[in-house]
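The values are calculated or read from the model by the stated rules, or taken from the named source; none is laboratory data. Everything numeric here is computed off the predicted structure, so don't read it as measured data. Here the Cβ positions follow ideal geometry from the backbone for every residue, glycine too, while neighbour counts run over all protein chains shown. Keep in mind that these areas ignore ligands, DNA and RNA; they rest on the heavy atoms of the full protein, side chains included. Shrake-Rupley method; radii C 1.70, N 1.55, O 1.52, S 1.80 Å.
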Amino acid sequence: MTDLRRIFLHDLHVELGAKMVPFAGYEMPVQYPMGVMKEHLHTRSKAGLFDVSHMGQVILRGPEAAAELERLVPVDVIGLPEGRQRYGFFTNKAGGIEDDMMIANRGDHLFVVVNAACKEADFERLSTLGLGAEMVEGRCLLALQGPGAEAALARLASEVADMAFMDVATVSIMGAECWVSRSGYTGEDGFEISVPDAQARGLAEALLADETVEPIGLGARDSLRLEGGLCLYGHDIDTETTPVEAGLQWAIQKVRRVGGTRAGGFPGEEAILGQLESGAARKRVGLRPEGRAPMREGVTLHATEDGPAIGQVTSGGFGPSVNGPVAMGYVPSEFASVGTKVFGEVRGKRMPVEVVKLPFVPAGFKR
Amino acid sequence: MKYTEEHEWLDVDGDIVTVGITAHAAEQLGDVVFVELPEEGAEVSKDDEIVVIESVKAASDILAPLDGEITEVNSALVEDPGKVNEDPEGDAWFFKMKVSDMSPMDDYMDEAAYKDFIS
(Lines give C-alpha, C1' and ligand atoms only; values in the text may rest on other atoms or scores of the structure.)
Protein backbone atom coordinates (compact mmCIF):
# COMPACT_ATOMS: atom_id res chain seq x y z
CA MET A 1 0.00 0.00 0.00
CA THR A 2 3.07 2.26 0.20
CA ASP A 3 2.63 3.89 -3.19
CA LEU A 4 -1.07 4.58 -2.68
CA ARG A 5 -2.02 8.20 -2.31
CA ARG A 6 -4.03 9.46 0.62
CA ILE A 7 -6.96 11.82 0.39
CA PHE A 8 -6.80 14.91 2.59
CA LEU A 9 -9.39 13.69 5.13
CA HIS A 10 -7.79 10.22 5.45
CA ASP A 11 -7.39 10.52 9.23
CA LEU A 12 -11.02 11.52 9.71
CA HIS A 13 -12.19 8.38 7.89
CA VAL A 14 -9.91 6.19 10.00
CA GLU A 15 -11.28 7.87 13.16
CA LEU A 16 -14.80 7.15 11.93
CA GLY A 17 -13.88 3.47 11.71
CA ALA A 18 -13.64 3.21 7.93
CA LYS A 19 -12.14 0.19 6.25
CA MET A 20 -9.67 1.70 3.79
CA VAL A 21 -9.00 -0.12 0.50
CA PRO A 22 -7.00 0.67 -2.64
CA PHE A 23 -9.12 2.33 -5.32
CA ALA A 24 -7.84 4.18 -8.41
CA GLY A 25 -4.45 4.72 -6.78
CA TYR A 26 -5.85 6.01 -3.49
CA GLU A 27 -6.62 4.56 -0.10
CA MET A 28 -10.37 5.06 0.06
CA PRO A 29 -13.07 4.33 2.65
CA VAL A 30 -15.06 1.36 1.30
CA GLN A 31 -17.31 1.08 4.34
CA TYR A 32 -17.78 2.29 7.90
CA PRO A 33 -18.87 0.20 10.91
CA MET A 34 -22.53 0.52 9.81
CA GLY A 35 -21.79 -1.77 6.82
CA VAL A 36 -22.62 -1.49 3.12
CA MET A 37 -26.26 -2.57 3.37
CA LYS A 38 -27.26 -0.14 6.14
CA GLU A 39 -25.18 2.66 4.61
CA HIS A 40 -27.04 2.20 1.34
CA LEU A 41 -30.48 2.19 2.97
CA HIS A 42 -29.58 5.16 5.17
CA THR A 43 -28.64 7.22 2.09
CA ARG A 44 -31.96 6.38 0.41
CA SER A 45 -34.01 7.31 3.50
CA LYS A 46 -31.97 10.13 5.12
CA ALA A 47 -28.58 11.44 4.03
CA GLY A 48 -25.09 10.12 3.40
CA LEU A 49 -21.77 11.95 3.28
CA PHE A 50 -19.27 10.63 0.73
CA ASP A 51 -15.68 11.73 0.31
CA VAL A 52 -14.90 11.65 -3.40
CA SER A 53 -11.75 13.77 -3.20
CA HIS A 54 -9.88 11.24 -5.33
CA MET A 55 -11.78 12.52 -8.37
CA GLY A 56 -10.17 15.07 -10.66
CA GLN A 57 -11.29 18.70 -10.48
CA VAL A 58 -10.20 20.71 -13.51
CA ILE A 59 -10.73 24.36 -14.42
CA LEU A 60 -10.79 25.58 -18.04
CA ARG A 61 -10.42 29.30 -18.55
CA GLY A 62 -10.66 31.70 -21.44
CA PRO A 63 -13.39 32.95 -23.76
CA GLU A 64 -12.90 29.92 -26.03
CA ALA A 65 -13.09 27.31 -23.27
CA ALA A 66 -16.55 26.00 -24.21
CA ALA A 67 -15.81 25.90 -27.95
CA GLU A 68 -12.49 24.18 -27.32
CA LEU A 69 -14.00 21.58 -25.00
CA GLU A 70 -16.59 20.79 -27.67
CA ARG A 71 -13.71 19.46 -29.80
CA LEU A 72 -13.35 16.61 -27.28
CA VAL A 73 -16.90 15.96 -26.13
CA PRO A 74 -20.15 15.48 -28.13
CA VAL A 75 -22.00 17.75 -25.74
CA ASP A 76 -23.48 21.25 -26.09
CA VAL A 77 -21.01 23.13 -23.88
CA ILE A 78 -21.42 26.53 -25.60
CA GLY A 79 -25.13 26.46 -24.84
CA LEU A 80 -24.67 25.52 -21.18
CA PRO A 81 -25.98 28.50 -19.20
CA GLU A 82 -23.95 30.09 -16.42
CA GLY A 83 -24.77 28.43 -13.11
CA ARG A 84 -25.67 25.10 -14.75
CA GLN A 85 -23.96 21.74 -15.05
CA ARG A 86 -24.38 18.84 -17.45
CA TYR A 87 -23.13 15.30 -17.89
CA GLY A 88 -20.68 14.51 -20.68
CA PHE A 89 -17.90 12.24 -21.87
CA PHE A 90 -14.66 12.30 -23.80
CA THR A 91 -14.87 10.15 -26.93
CA ASN A 92 -12.19 8.51 -29.07
CA LYS A 93 -11.84 8.12 -32.84
CA ALA A 94 -13.80 4.87 -32.85
CA GLY A 95 -16.65 6.48 -30.94
CA GLY A 96 -15.71 4.79 -27.64
CA ILE A 97 -15.75 6.60 -24.31
CA GLU A 98 -12.45 7.70 -22.76
CA ASP A 99 -14.04 8.97 -19.54
CA ASP A 100 -17.27 10.49 -18.31
CA MET A 101 -17.55 13.76 -16.45
CA MET A 102 -19.59 16.66 -15.16
CA ILE A 103 -19.15 20.04 -16.84
CA ALA A 104 -20.22 23.19 -14.96
CA ASN A 105 -20.40 26.73 -16.31
CA ARG A 106 -19.13 28.87 -13.44
CA GLY A 107 -19.21 32.19 -15.29
CA ASP A 108 -15.61 33.06 -16.11
CA HIS A 109 -14.55 29.41 -16.31
CA LEU A 110 -15.71 25.84 -16.81
CA PHE A 111 -15.34 23.44 -13.89
CA VAL A 112 -14.98 19.82 -14.91
CA VAL A 113 -15.07 16.80 -12.56
CA VAL A 114 -13.59 13.57 -13.94
CA ASN A 115 -12.91 10.04 -12.67
CA ALA A 116 -9.87 9.47 -10.46
CA ALA A 117 -8.45 6.65 -12.58
CA CYS A 118 -8.58 8.79 -15.74
CA LYS A 119 -7.69 12.21 -14.37
CA GLU A 120 -4.06 12.37 -15.55
CA ALA A 121 -5.02 11.24 -19.06
CA ASP A 122 -7.96 13.65 -19.08
CA PHE A 123 -5.76 16.51 -17.98
CA GLU A 124 -3.27 15.78 -20.78
CA ARG A 125 -6.14 15.61 -23.26
CA LEU A 126 -7.44 18.98 -22.05
CA SER A 127 -3.95 20.45 -22.11
CA THR A 128 -3.75 19.83 -25.87
CA LEU A 129 -6.50 22.40 -26.30
CA GLY A 130 -5.40 25.97 -26.81
CA LEU A 131 -6.42 27.06 -23.33
CA GLY A 132 -5.17 26.98 -19.79
CA ALA A 133 -6.29 23.78 -18.12
CA GLU A 134 -5.64 23.85 -14.38
CA MET A 135 -5.83 20.78 -12.18
CA VAL A 136 -7.42 22.05 -8.98
CA GLU A 137 -5.20 21.29 -5.98
CA GLY A 138 -5.95 21.87 -2.33
CA ARG A 139 -9.66 21.15 -2.47
CA CYS A 140 -11.66 18.19 -1.22
CA LEU A 141 -14.80 16.99 -2.96
CA LEU A 142 -17.62 15.88 -0.67
CA ALA A 143 -20.99 14.55 -1.78
CA LEU A 144 -24.05 14.82 0.45
CA GLN A 145 -26.77 12.57 -0.93
CA GLY A 146 -30.28 11.52 0.01
CA PRO A 147 -33.70 13.01 0.69
CA GLY A 148 -32.36 14.67 3.84
CA ALA A 149 -29.41 16.30 2.07
CA GLU A 150 -31.14 19.62 1.41
CA ALA A 151 -32.22 20.14 5.02
CA ALA A 152 -28.82 19.10 6.38
CA LEU A 153 -26.84 21.43 4.11
CA ALA A 154 -29.37 24.26 4.37
CA ARG A 155 -28.78 24.35 8.14
CA LEU A 156 -25.27 25.55 7.30
CA ALA A 157 -26.15 27.63 4.21
CA SER A 158 -29.85 28.29 3.65
CA GLU A 159 -29.44 29.40 0.03
CA VAL A 160 -28.70 25.85 -1.19
CA ALA A 161 -32.41 25.06 -0.76
CA ASP A 162 -33.12 27.33 -3.75
CA MET A 163 -30.83 25.37 -6.07
CA ALA A 164 -32.47 22.99 -8.59
CA PHE A 165 -31.03 19.74 -9.94
CA MET A 166 -27.81 20.49 -11.87
CA ASP A 167 -27.54 24.09 -10.66
CA VAL A 168 -24.07 25.19 -9.58
CA ALA A 169 -23.16 28.10 -7.32
CA THR A 170 -20.41 29.48 -5.14
CA VAL A 171 -21.67 29.29 -1.58
CA SER A 172 -20.01 30.44 1.62
CA ILE A 173 -20.39 27.59 4.12
CA MET A 174 -18.94 28.13 7.58
CA GLY A 175 -16.69 30.78 6.10
CA ALA A 176 -15.35 28.48 3.35
CA GLU A 177 -15.73 29.34 -0.34
CA CYS A 178 -17.46 26.21 -1.59
CA TRP A 179 -18.30 25.32 -5.18
CA VAL A 180 -21.62 23.57 -4.84
CA SER A 181 -23.62 21.66 -7.42
CA ARG A 182 -27.01 20.07 -6.86
CA SER A 183 -26.08 16.69 -8.22
CA GLY A 184 -24.45 13.40 -7.33
CA TYR A 185 -24.23 9.82 -8.44
CA THR A 186 -26.60 7.86 -6.24
CA GLY A 187 -29.95 8.49 -7.94
CA GLU A 188 -30.92 10.66 -4.97
CA ASP A 189 -31.25 14.39 -4.53
CA GLY A 190 -28.10 15.91 -3.10
CA PHE A 191 -25.07 18.11 -3.49
CA GLU A 192 -21.43 17.87 -4.46
CA ILE A 193 -19.28 20.34 -2.58
CA SER A 194 -15.75 21.35 -3.54
CA VAL A 195 -14.27 22.78 -0.34
CA PRO A 196 -10.76 24.10 0.44
CA ASP A 197 -8.67 21.51 2.32
CA ALA A 198 -8.21 23.84 5.30
CA GLN A 199 -11.96 23.95 5.95
CA ALA A 200 -12.91 20.46 4.74
CA ARG A 201 -12.68 18.70 8.08
CA GLY A 202 -14.81 21.34 9.78
CA LEU A 203 -17.47 21.06 7.09
CA ALA A 204 -17.47 17.25 7.14
CA GLU A 205 -17.74 17.20 10.94
CA ALA A 206 -20.54 19.79 10.92
CA LEU A 207 -22.51 17.70 8.41
CA LEU A 208 -21.86 14.47 10.34
CA ALA A 209 -23.04 16.18 13.54
CA ASP A 210 -26.50 16.34 11.95
CA GLU A 211 -28.41 13.34 13.24
CA THR A 212 -29.67 12.47 9.76
CA VAL A 213 -26.18 12.28 8.18
CA GLU A 214 -23.90 9.23 8.27
CA PRO A 215 -20.55 8.68 6.54
CA ILE A 216 -20.95 6.35 3.54
CA GLY A 217 -18.22 4.38 1.78
CA LEU A 218 -17.51 3.41 -1.80
CA GLY A 219 -19.24 0.05 -1.33
CA ALA A 220 -22.65 1.65 -0.87
CA ARG A 221 -21.83 4.30 -3.46
CA ASP A 222 -21.50 1.46 -5.97
CA SER A 223 -24.80 -0.24 -5.09
CA LEU A 224 -26.60 3.13 -4.99
CA ARG A 225 -25.41 4.14 -8.46
CA LEU A 226 -26.16 0.66 -9.82
CA GLU A 227 -29.76 0.83 -8.58
CA GLY A 228 -29.84 4.34 -10.02
CA GLY A 229 -28.96 2.88 -13.45
CA LEU A 230 -25.81 5.04 -13.59
CA CYS A 231 -22.73 3.87 -15.49
CA LEU A 232 -19.43 3.20 -13.76
CA TYR A 233 -16.53 4.10 -16.03
CA GLY A 234 -14.24 1.15 -16.77
CA HIS A 235 -17.15 -1.24 -16.25
CA ASP A 236 -20.42 -0.19 -17.91
CA ILE A 237 -18.71 2.21 -20.28
CA ASP A 238 -15.16 2.19 -21.59
CA THR A 239 -13.05 2.82 -24.69
CA GLU A 240 -14.90 -0.01 -26.49
CA THR A 241 -18.46 1.18 -25.82
CA THR A 242 -20.09 4.08 -27.64
CA PRO A 243 -22.50 6.54 -26.02
CA VAL A 244 -25.34 5.18 -28.16
CA GLU A 245 -24.65 1.57 -27.16
CA ALA A 246 -24.53 2.74 -23.54
CA GLY A 247 -27.91 4.47 -23.85
CA LEU A 248 -26.34 7.87 -23.14
CA GLN A 249 -27.60 9.57 -26.30
CA TRP A 250 -29.70 11.93 -24.12
CA ALA A 251 -26.39 13.62 -23.22
CA ILE A 252 -25.72 14.46 -26.90
CA GLN A 253 -27.82 17.57 -27.54
CA LYS A 254 -29.45 18.23 -30.93
CA VAL A 255 -27.00 20.99 -31.79
CA ARG A 256 -24.18 18.40 -31.97
CA ARG A 257 -26.20 15.89 -34.03
CA VAL A 258 -26.80 15.67 -37.77
CA GLY A 259 -28.77 18.76 -38.75
CA GLY A 260 -27.55 20.76 -35.75
CA THR A 261 -25.62 24.00 -36.17
CA ARG A 262 -22.51 22.47 -34.57
CA ALA A 263 -23.03 18.87 -35.72
CA GLY A 264 -20.03 16.60 -35.18
CA GLY A 265 -16.61 18.07 -34.62
CA PHE A 266 -15.70 15.60 -31.85
CA PRO A 267 -13.65 12.38 -31.91
CA GLY A 268 -15.59 9.44 -33.32
CA GLU A 269 -18.26 11.65 -34.88
CA GLU A 270 -18.83 9.29 -37.81
CA ALA A 271 -19.51 6.26 -35.63
CA ILE A 272 -21.57 8.13 -33.06
CA LEU A 273 -23.65 10.23 -35.46
CA GLY A 274 -24.22 7.12 -37.59
CA GLN A 275 -25.48 5.16 -34.59
CA LEU A 276 -27.72 8.05 -33.56
CA GLU A 277 -29.35 7.85 -37.00
CA SER A 278 -29.62 4.09 -37.43
CA GLY A 279 -29.18 2.60 -33.97
CA ALA A 280 -26.45 0.50 -32.37
CA ALA A 281 -26.07 -3.26 -32.75
CA ARG A 282 -25.94 -3.74 -28.99
CA LYS A 283 -27.33 -1.88 -26.02
CA ARG A 284 -26.81 -1.47 -22.32
CA VAL A 285 -29.83 -2.78 -20.44
CA GLY A 286 -31.06 -3.23 -16.90
CA LEU A 287 -31.13 -6.87 -15.80
CA ARG A 288 -33.19 -8.37 -13.00
CA PRO A 289 -32.10 -11.94 -12.21
CA GLU A 290 -34.86 -14.25 -10.98
CA GLY A 291 -34.22 -15.66 -7.53
CA ARG A 292 -31.73 -14.16 -5.11
CA ALA A 293 -28.32 -15.07 -6.54
CA PRO A 294 -26.39 -11.93 -7.58
CA MET A 295 -25.00 -11.78 -11.12
CA ARG A 296 -21.75 -9.91 -11.02
CA GLU A 297 -19.53 -8.27 -13.61
CA GLY A 298 -18.32 -10.81 -16.19
CA VAL A 299 -21.34 -13.15 -16.01
CA THR A 300 -22.10 -14.21 -19.58
CA LEU A 301 -25.60 -13.70 -21.00
CA HIS A 302 -27.28 -16.24 -23.28
CA ALA A 303 -30.46 -16.26 -25.37
CA THR A 304 -31.25 -19.84 -24.37
CA GLU A 305 -30.35 -22.34 -21.69
CA ASP A 306 -27.77 -24.02 -23.93
CA GLY A 307 -26.86 -21.38 -26.54
CA PRO A 308 -23.67 -19.35 -26.96
CA ALA A 309 -23.01 -16.09 -25.15
CA ILE A 310 -24.74 -13.02 -26.59
CA GLY A 311 -23.40 -10.51 -24.10
CA GLN A 312 -22.27 -10.00 -20.55
CA VAL A 313 -22.94 -8.30 -17.26
CA THR A 314 -20.86 -5.15 -16.72
CA SER A 315 -22.04 -4.29 -13.18
CA GLY A 316 -24.06 -6.43 -10.87
CA GLY A 317 -24.73 -7.26 -7.28
CA PHE A 318 -27.35 -7.06 -4.61
CA GLY A 319 -29.60 -4.01 -4.57
CA PRO A 320 -30.49 -3.27 -0.94
CA SER A 321 -33.43 -1.00 -1.84
CA VAL A 322 -34.73 -3.45 -4.46
CA ASN A 323 -34.06 -6.22 -1.92
CA GLY A 324 -32.78 -8.51 -4.64
CA PRO A 325 -30.10 -8.91 -7.27
CA VAL A 326 -29.73 -6.17 -9.91
CA ALA A 327 -27.33 -5.85 -12.84
CA MET A 328 -26.55 -3.99 -16.03
CA GLY A 329 -24.98 -5.42 -19.14
CA TYR A 330 -24.84 -5.39 -22.91
CA VAL A 331 -27.03 -7.48 -25.22
CA PRO A 332 -27.70 -7.38 -29.00
CA SER A 333 -30.40 -4.79 -29.72
CA GLU A 334 -32.95 -7.48 -30.62
CA PHE A 335 -32.74 -8.67 -27.00
CA ALA A 336 -32.85 -5.18 -25.47
CA SER A 337 -36.63 -4.69 -25.19
CA VAL A 338 -38.03 -4.53 -21.67
CA GLY A 339 -39.50 -7.89 -20.71
CA THR A 340 -37.09 -9.99 -22.81
CA LYS A 341 -35.94 -13.15 -21.01
CA VAL A 342 -32.31 -14.14 -21.24
CA PHE A 343 -30.06 -16.37 -19.13
CA GLY A 344 -26.98 -15.55 -17.08
CA GLU A 345 -24.42 -18.21 -16.31
CA VAL A 346 -23.56 -18.34 -12.60
CA ARG A 347 -21.28 -21.13 -11.35
CA GLY A 348 -21.97 -23.17 -14.49
CA LYS A 349 -25.76 -22.86 -14.23
CA ARG A 350 -27.94 -20.82 -16.58
CA MET A 351 -30.29 -18.66 -14.49
CA PRO A 352 -33.21 -16.70 -15.97
CA VAL A 353 -32.82 -12.91 -16.15
CA GLU A 354 -35.32 -10.33 -17.33
CA VAL A 355 -34.42 -7.18 -19.24
CA VAL A 356 -35.94 -4.31 -17.25
CA LYS A 357 -36.23 -0.54 -17.42
CA LEU A 358 -33.55 1.56 -15.73
CA PRO A 359 -33.29 2.91 -13.08
CA PHE A 360 -34.21 0.17 -10.62
CA VAL A 361 -35.37 2.78 -8.12
CA PRO A 362 -37.03 6.09 -9.08
CA ALA A 363 -34.65 9.05 -9.11
CA GLY A 364 -35.13 11.55 -6.27
CA PHE A 365 -33.77 14.58 -8.15
CA LYS A 366 -35.25 18.01 -7.35
CA ARG A 367 -35.84 19.32 -10.86
CA MET B 1 -15.35 -26.86 18.93
CA LYS B 2 -12.87 -27.14 16.05
CA TYR B 3 -11.96 -24.59 13.37
CA THR B 4 -10.71 -24.85 9.78
CA GLU B 5 -8.38 -22.51 7.91
CA GLU B 6 -11.45 -21.71 5.75
CA HIS B 7 -12.98 -20.07 8.87
CA GLU B 8 -15.57 -22.77 9.47
CA TRP B 9 -16.49 -23.89 12.96
CA LEU B 10 -17.26 -27.57 13.55
CA ASP B 11 -19.38 -28.66 16.49
CA VAL B 12 -18.99 -32.40 17.06
CA ASP B 13 -21.70 -34.51 18.69
CA GLY B 14 -20.95 -38.22 18.29
CA ASP B 15 -20.67 -38.83 14.54
CA ILE B 16 -22.77 -35.71 13.70
CA VAL B 17 -20.89 -32.48 12.94
CA THR B 18 -22.64 -29.10 12.72
CA VAL B 19 -20.88 -26.57 10.44
CA GLY B 20 -21.01 -22.78 10.30
CA ILE B 21 -18.69 -19.84 9.67
CA THR B 22 -16.93 -17.86 12.37
CA ALA B 23 -17.84 -14.34 13.47
CA HIS B 24 -14.50 -13.23 12.03
CA ALA B 25 -15.41 -14.68 8.62
CA ALA B 26 -18.89 -13.15 8.71
CA GLU B 27 -17.42 -9.74 9.46
CA GLN B 28 -14.89 -10.05 6.64
CA LEU B 29 -17.61 -11.08 4.19
CA GLY B 30 -19.88 -8.16 5.01
CA ASP B 31 -23.66 -8.30 4.67
CA VAL B 32 -24.63 -11.75 3.37
CA VAL B 33 -27.37 -11.55 0.72
CA PHE B 34 -27.55 -15.08 -0.73
CA VAL B 35 -27.02 -18.60 0.55
CA GLU B 36 -27.21 -21.83 -1.43
CA LEU B 37 -27.24 -25.04 0.61
CA PRO B 38 -26.60 -28.68 -0.34
CA GLU B 39 -29.40 -31.27 -0.59
CA GLU B 40 -30.23 -33.22 2.53
CA GLY B 41 -29.04 -36.77 2.00
CA ALA B 42 -26.19 -35.76 -0.33
CA GLU B 43 -22.95 -37.72 -0.02
CA VAL B 44 -20.04 -35.29 0.11
CA SER B 45 -16.27 -35.59 0.13
CA LYS B 46 -13.84 -33.47 2.10
CA ASP B 47 -13.11 -30.16 0.29
CA ASP B 48 -16.18 -30.35 -1.99
CA GLU B 49 -17.65 -26.85 -2.42
CA ILE B 50 -21.09 -27.48 -0.96
CA VAL B 51 -22.36 -24.07 0.17
CA VAL B 52 -22.31 -20.78 -1.77
CA ILE B 53 -22.38 -17.56 0.21
CA GLU B 54 -22.70 -14.20 -1.55
CA SER B 55 -22.22 -10.97 0.33
CA VAL B 56 -22.62 -7.41 -0.89
CA LYS B 57 -18.94 -7.64 -1.81
CA ALA B 58 -18.23 -11.09 -3.26
CA ALA B 59 -19.05 -14.76 -3.61
CA SER B 60 -17.39 -17.43 -1.51
CA ASP B 61 -17.81 -21.12 -0.71
CA ILE B 62 -17.95 -23.40 2.27
CA LEU B 63 -16.06 -26.64 1.77
CA ALA B 64 -17.13 -29.97 3.22
CA PRO B 65 -14.72 -30.36 6.15
CA LEU B 66 -14.97 -34.16 6.18
CA ASP B 67 -16.39 -37.09 4.18
CA GLY B 68 -19.97 -37.96 4.99
CA GLU B 69 -23.68 -37.44 4.38
CA ILE B 70 -25.63 -34.19 4.77
CA THR B 71 -28.35 -34.94 7.32
CA GLU B 72 -29.90 -31.49 7.79
CA VAL B 73 -29.60 -28.01 6.28
CA ASN B 74 -30.60 -24.67 7.81
CA SER B 75 -33.17 -23.54 5.22
CA ALA B 76 -33.95 -20.42 7.27
CA LEU B 77 -30.70 -18.94 5.92
CA VAL B 78 -31.98 -19.14 2.34
CA GLU B 79 -35.01 -17.05 3.32
CA ASP B 80 -33.04 -14.65 5.50
CA PRO B 81 -29.32 -14.61 4.60
CA GLY B 82 -28.75 -11.70 7.00
CA LYS B 83 -28.90 -14.20 9.90
CA VAL B 84 -25.34 -15.16 8.97
CA ASN B 85 -24.19 -11.70 10.11
CA GLU B 86 -26.49 -11.58 13.13
CA ASP B 87 -25.58 -14.87 14.76
CA PRO B 88 -22.84 -16.68 12.79
CA GLU B 89 -21.74 -18.93 15.64
CA GLY B 90 -25.25 -19.75 16.86
CA ASP B 91 -28.54 -19.80 14.91
CA ALA B 92 -26.84 -19.39 11.55
CA TRP B 93 -25.32 -22.87 11.25
CA PHE B 94 -25.32 -24.08 7.63
CA PHE B 95 -25.60 -27.86 7.71
CA LYS B 96 -25.20 -30.98 9.83
CA MET B 97 -23.43 -34.01 8.45
CA LYS B 98 -22.97 -37.61 9.52
CA VAL B 99 -19.26 -38.17 9.25
CA SER B 100 -17.85 -41.44 7.96
CA ASP B 101 -14.21 -40.74 8.82
CA MET B 102 -13.39 -38.49 11.78
CA SER B 103 -9.61 -38.75 11.41
CA PRO B 104 -9.09 -35.39 9.56
CA MET B 105 -10.60 -33.72 12.62
CA ASP B 106 -7.24 -34.03 14.37
CA ASP B 107 -5.74 -31.60 11.85
CA TYR B 108 -8.24 -28.85 12.60
CA MET B 109 -7.56 -26.07 15.08
CA ASP B 110 -8.91 -25.66 18.58
CA GLU B 111 -10.21 -22.24 19.65
CA ALA B 112 -6.84 -20.97 20.91
CA ALA B 113 -5.11 -22.01 17.69
CA TYR B 114 -7.84 -20.39 15.57
CA LYS B 115 -7.61 -17.11 17.50
CA ASP B 116 -3.89 -17.18 16.86
CA PHE B 117 -4.53 -17.96 13.17
CA ILE B 118 -6.74 -14.89 12.62
CA SER B 119 -4.64 -12.46 14.66
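Considering each residue of region A:129-142 in turn, none proves to be open to solvent by less than 10 Å² (accessible area, probe 1.4 Å), over 18 Å from A:Ala363 (Cα atoms), touching a residue at least 60 places away in the same chain (Cβ under 8 Å) and within 14 Å of chain B (Cβ to nearest Cβ). Of the listed requirements (1) away from every other protein chain (no Cβ under 14 Å); (2) farther than 30 Å from A:Val21 by Cα, B:Asp48 misses just one: (1).
In summary, A:Pro33 fulfils each of the numbered conditions (1) over 21 Å from the mean Cα position of the chain (by Cα); (2) closer than 19 Å to A:Pro196 by Cβ with the single exception of condition (2).
Of all the listed residues (A:Gly364, A:Gly339, A:Gly291), the sole one being open to solvent by 20 Å² or more (accessible area, probe 1.4 Å), farther than 27 Å from B:Leu77 by Cα, touching a strand residue (DSSP E or B) at 6+ places or on another chain (Cβ under 9 Å) and at pLDDT below 95 is A:Gly364. Here region B:27-45 is the region considered, the condition is being crowded, with 16+ Cβ neighbours inside 10 Å and of a type in the set (Gly, Ala, Ser), and the residue that is nearest to the other protein chains (Cβ to nearest Cβ) is B:Gly30.
Search region A:317-336 for residues being outside any loop (DSSP other than H, G, I, E, B) and either more than 14 Å from chain B (Cβ to nearest Cβ) or open to solvent by 20 Å² or more (accessible area, probe 1.4 Å) (or both), and hand back the single one that is nearest to B:Val32 (Cα to Cα). Steps first, please.
From region A:317-336, those outside any loop (DSSP other than H, G, I, E, B) are A:317-319, A:324-335; that's our starting set.
Add one more test, that the residue is either more than 14 Å from chain B (Cβ to nearest Cβ) or open to solvent by 20 Å² or more (accessible area, probe 1.4 Å) (or both), and what stays is A:328-335.
On the way: A:Met328: 21, A:Gly329: 23, A:Tyr330: 27, A:Val331: 29, A:Pro332: 33, A:Ser333: 34, A:Glu334: 35, A:Phe335: 32 Å.
Ranking the candidates gives A:Met328 first.
Go through region A:60-69 residue by residue and tally those that are in contact (Cβ under 8 Å) with a residue 12 or more places away in the chain and open to solvent by 10 Å² or more (accessible area, probe 1.4 Å). Final tally of qualifying residues: 5. The test for being surrounded by 20 or more Cβ atoms within 10 Å (Cβ to Cβ), within 18 Å of the chain's Cα centre (by Cα), aliphatic (A, V, I, L, M) and not in a loop (DSSP other than H, G, I, E, B) holds for A:Leu49.
A count restricted to region B:57-87 and to residues that are within 14 Å of chain A (Cβ to nearest Cβ) and buried (at least 17 other Cβ atoms within 10 Å of the Cβ) stands at 8. Filter region A:242-275 down to the residues that are polar (S, T, N, Q) and either within 13 Å of A:Gly88 (Cα to Cα) or open to solvent by less than 10 Å² (accessible area, probe 1.4 Å) (or both) and list them by number. Those that are polar (S, T, N, Q) and either within 13 Å of A:Gly88 (Cα to Cα) or open to solvent by less than 10 Å² (accessible area, probe 1.4 Å) (or both): A:Thr242, A:Gln249, A:Gln253. Restricting to region A:167-186, and then to whatever is free of Cβ contacts under 8 Å to residues at least 60 places away in the same chain and more than 15 Å from A:Val113 (Cβ to Cβ), can you tell me which residue is surrounded by the fewest Cβ atoms within 10 Å (Cβ to Cβ)? Applying the filter and picking the extreme gives A:Gly175. Among the residues making up region A:342-361, those that are farther than 20 Å from B:Ser60 by Cα and open to solvent by less than 70 Å² (accessible area, probe 1.4 Å) are A:Val342, A:Phe343, A:Pro352, A:Val353, A:Glu354, A:Val355, A:Val356, A:Leu358, A:Pro359, A:Phe360, A:Val361. Consider region A:206-227 and keep the residues that are crowded, with 21+ Cβ neighbours inside 10 Å and part of a loop (DSSP other than H, G, I, E, B). The one that is nearest to the other protein chains (Cβ to nearest Cβ) is A:Gly217.
Could you pull out every one of the helices (runs of 4 or more DSSP H) wholly within region B:30-119 that has 3 or more residues that are out of contact with any Cys (no Cβ under 7 Å at 6 or more places or on another chain) and of a type outside the set (A, V, I, L, M, F, W, C)? Can you show your working first?
On the way: elements: B:76-79, B:83-86, B:111-118.
Output list reads B:83-86, B:111-118.
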